[in-house]
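To keep things clear, I will list the structure first and then write my remarks on it.
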Amino acid sequence: MSRHEPRIVIYSQDGLGLGHMRRTSLLADEFLRRVPGASALTLSDSPLGQFFTTAPGHDFLKLPSIRKSGPGEWEALSLSSSFRDVLGLRRRLIVSALRAFDPDILLVDHMPHGAMGELVPALRKVRSHRVQVVLGLRDIIDAPEVVRRRWTAEGAYEALDEFYDEILVYGSRDVLDVAEQYAWPKRVSRRLTYSGYVCEDPHRRARRLSVVPDRGTSAPPTVLVVAGGGADAYPMLSSVLDAAEGVHADTGARFLLVTGPFMPGSDVAELRRQAKGHPMTEVRRRIHGGGRIARADLVVSMAGYNTTVELLNAGTPALLIPRSGPSAEQRIRARLFAEREWVRWLDPDQLGTQAVTDAISIALTRTLSPTQSPDLGGRQAAVARLTSRLGARPKLELESIAP
């Protein structure tokens, strides 16, 4: 087999969110910037396909979509086939793609063994052929006891030990010690590197977290309310709409609510009905351009990784209202970030109109005083680790890999 340009495959089991897709796109783009002429192929099952604009050299292979219905429980999203059949199809597609593309590096996003262990056959094949295998992991996955239980039951710890050359944690150890909280074996912990949080370059309008911008005396403050993909964001957005009139009376604020592409149309219609007659509110499906967050006086948001980190990157004052479940990930992130005074947060079980009104009004008028800044260099640091692995070991042919 002839030599080819440097190649990376990224496996991203995205479900119904935008965070994983955004993070892997940023990493792929940075990899291609650092390695001119390289190729990046992302294996993803997002129903949106290639949602974000990416750099030349990056393409996507869509797997049949599945979604998590509960801890350790999955179902097909679109196909009428049984989950077992869909899972088998996904396994064969992953192995076949790796054989045909012949990557130098396999970067696995989030799940060491893939959804319901679907990555294990592919990991065994590429491991025997000296492909560099790296796990990229956000620091906060779920409640530690849940992670330990599920990873033990599903064989994730064994996968970490057997297949991975390195584990990149997209976060900071002083926020959450992954090895300690998730009870990693010592021999696995030695392969762990914290990269910092993965985000875009700072926006030119970015400001320090501790500063509330001077709006002068005439311009009313703008509250941007965002929900990521939006699949389960209706309760949060509806509660903010209920509070908007009171916040407007207190501060003169105007509201722009962005539902996200995954919110059901019936929920979007109900939010627009709720906002009708209130000139200080507007409801949209999407916003375009990264400057919206930086220009807002306050962002009210759910607490997904990608949105939260981009808020920190912009330096915009933020009030996080995490989803109530099924995972504890967003609650934990909101609490830990608020403890460092990077953001404010409101428990999703306390979404009464007065509580939301007070929380937004306070966030608009009072500054935070963080004692340390978040490490936002994760994109560059993680890709530096990946590129250092190019040519790290002899590369063998993959022709023997069978679907």
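The values are calculated or read from the model by the stated rules, or taken from the named source; none is laboratory data. As the structure is a prediction and not an experimental result, all values here were calculated from the model. Cβ placement follows ideal geometry from the backbone for every residue including glycine, while neighbour counts extend to all protein chains displayed.
Please give the number of the condition Y305 fails out of (1) in contact with a strand residue (DSSP E or B) (Cβ under 6 Å, 6 or more places away or on another chain); (2) over 15 Å from Y197 (Cβ atoms); (3) at pLDDT below 95.
Unmet condition: (2).
Kindly establish whether Q372 is more than 21 Å from P103 (Cα to Cα), exposed (fewer than 14 other Cβ atoms within 10 Å of the Cβ), modelled with pLDDT under 95 and not assigned by TED's automatic domain parsing to the domain that holds N313.
Here the answer is yes, as Q372 does meet what is asked.
Find the residue count for region 161-178, including only residues that are within 22 Å of M116 (Cα to Cα) and touching a strand residue (DSSP E or B) at 6+ places or on another chain (Cβ under 7 Å).
8
Yes/no per residue for (1) small (G, A, S); (2) at pLDDT below 95:
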| position | (1), (2) |
| --- | --- |
| V356 | no, no |
| I362 | no, no |
| T367 | no, yes |
| A381 | yes, no |
| K395 | no, yes |
| A402 | yes, yes |
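Filter region 314-337 down to the residues that are modelled with pLDDT under 95 and of a type in the set (V, I, T) and list them by number.
Across region 314-337, the qualifying residue is only T316.
Looking at R150, R127 in this structure, which one is over 26 Å from A328 (Cα atoms), touching a helix residue (DSSP H, G or I) at 6+ places or on another chain (Cβ under 8 Å), surrounded by fewer than 19 Cβ atoms within 10 Å (Cβ to Cβ) and of a type outside the set (G, A, S)?
R127
Would you pick out the residues in region 255-290 that are more than 23 Å from the chain's Cα centre (by Cα) and modelled with pLDDT under 90?
Selection gives G277, H278, P279, M280.
List pairs: first residue in region 238-261 and assigned by TED's automatic domain parsing to the domain that holds L319 and at positive phi, second residue buried (at least 20 other Cβ atoms within 10 Å of the Cβ) and of a type outside the set (K, R) anywhere in the structure, Cβ distance under 6 angstrom, at least six positions apart or on different chains.
Qualifying pairs under 6 Å: G260/A227; G260/G228; G260/G229; G260/G230.
What's the number of the only condition in (1) modelled with pLDDT of 95 or more; (2) touching a Leu at 6+ places or on another chain (Cβ under 6 Å); (3) buried (at least 22 other Cβ atoms within 10 Å of the Cβ) that V175 fails to meet?
Just one mismatch for V175, condition (3).
Which ranges mark the helices (runs of 4 or more DSSP H) fully within region 322-392 that have 2 or more residues being without any contact (Cβ under 8 Å) to a residue 60 or more places away in the chain?
Per the criteria, 329-339, 353-365.
Can you find even one residue in region 54-75 that is buried (at least 16 other Cβ atoms within 10 Å of the Cβ), hydroxyl-bearing (S, T, Y) and in contact (Cβ under 8 Å) with a residue 24 or more places away in the chain?
For region 54-75, residues buried (at least 16 other Cβ atoms within 10 Å of the Cβ), hydroxyl-bearing (S, T, Y) and in contact (Cβ under 8 Å) with a residue 24 or more places away in the chain: present.
Please list, ordered by first then second residue, the pairs with beta carbon atoms under 8 Å, 6 or more apart or interchain, first in region 124-145 and at pLDDT below 90, second among the polar types (S, T, N, Q).
If the second residue must be among the polar types (S, T, N, Q), the pairs left are H129/S400.
Please specify each residue of region 226-242 satisfying the condition of being in contact with a helix residue (DSSP H, G or I) (Cβ under 6 Å, 6 or more places away or on another chain) and among the charged types (D, E, K, R).
Of everything in region 226-242, just one residue is in contact with a helix residue (DSSP H, G or I) (Cβ under 6 Å, 6 or more places away or on another chain) and among the charged types (D, E, K, R), namely D242.
Those residues that are touching a Ser or Thr at 6+ places or on another chain (Cβ under 6 Å) and not aliphatic (A, V, I, L, M), I need them from region 344-360; list them, please.
Answer for region 344-360, where residues must be touching a Ser or Thr at 6+ places or on another chain (Cβ under 6 Å) and not aliphatic (A, V, I, L, M): just P348.
Select from region 295-321 the residues that are part of a helix (DSSP H, G or I) and farther than 19 Å from G378 by Cβ and list them in ascending order.
R295
Which residue out of G57, G88 is of a type in the set (G, A, S) and out of contact with any helix residue (DSSP H, G or I) (no Cβ under 6 Å at 6 or more places or on another chain)?
From the options G57, G88, the qualifying one is G88.
What tally of residues in region 251-269 results from selecting those that are among the charged types (D, E, K, R) and surrounded by fewer than 16 Cβ atoms within 10 Å (Cβ to Cβ)?
Residues meeting the conditions: 0.
Do we find a residue being crowded, with 22+ Cβ neighbours inside 10 Å, not in a loop (DSSP other than H, G, I, E, B) and not polar (S, T, N, Q) anywhere in region 281-293?
yes
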